[in-house]
1. Which of (1) at pLDDT below 90; (2) surrounded by fewer than 14 Cβ atoms within 10 Å (Cβ to Cβ); (3) not basic (K, R) does W103 not meet, given it meets every other one?
2. Name the single residue that is surrounded by the most Cβ atoms within 10 Å (Cβ to Cβ) among those in the stretch 47-63 being in a loop (DSSP other than H, G, I, E, B) and at pLDDT 90 or above.
3. Scan (1) more than 23 Å from K142 (Cα to Cα); (2) surrounded by fewer than 15 Cβ atoms within 10 Å (Cβ to Cβ); (3) among the hydrophobic types (A, V, I, L, M, F, W, C); (4) touching a Ser or Thr at 6+ places or on another chain (Cβ under 9 Å) for the single condition I71 breaks and write down its number.
4. All but one of (1) modelled with pLDDT of 80 or more; (2) over 19 Å from H141 (Cα atoms); (3) surrounded by 14 or more Cβ atoms within 10 Å (Cβ to Cβ) hold for A15; state the number of the condition that does not hold.
5. May I ask you to verify whether I42 is over 30 Å from T117 (Cα atoms), outside any loop (DSSP other than H, G, I, E, B), at pLDDT below 90 and under 22 Å from the mean Cα position of the chain (by Cα)?
Amino acid sequence: MNEWGKVAAVKGKSAVISVQKKEECDKCGKCRQGRGENEMVIEAKNKVGAQVGDTVEITDDIVSPLETFFIRIGIPLADAIIGGLIGYMLARLFQQADYIIMWVIFSAIISGLLSFTLSNKLLANVNNFKSNRFIVTSIIHKEG
């Protein structure tokens, strides 16, 4: 979500932005703030040093698709490979040469599923931590 708004106040490293409410806002629900029917007030990280009266662009600070892919697929896949290697080593340790494939597959599946479950919880926690967090990305028009 990229929106434009006017800085109403500056509080430390944050800016309070007044944004025109749009029809899509009722469906989104990220802001959950507002003054009236046509206006929302959003507090955002002020990384560009915007001042009161400046027109700024803001965006939401959520997990990117690449981060999502890495957390949901990359971590479980790496853990499945590691689990397979552990299964191979356990089969050799217990002198189960006839069952190496079974040990590898079983260990990889268990490790991958466990990691997939934990990575989904991690992704949910990251999104909850970042939810309703906005960033001022640029100053469109400087006041004064």
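1. Only one criterion is unmet by W103, namely (2).
2. Residue satisfying both the conditions and the ranking: A50.
3. Here I71 meets the rest and fails (2).
4. Just one mismatch for A15, condition (2).
5. The answer is yes for I42.
The values are calculated or read from the model by the stated rules, or taken from the named source; none is laboratory data. As the structure is a computational prediction, the values presented were derived from the model and not from experiment. Counting neighbours? That spans all protein chains shown, and the Cβs are built from the backbone with ideal geometry, glycine included.
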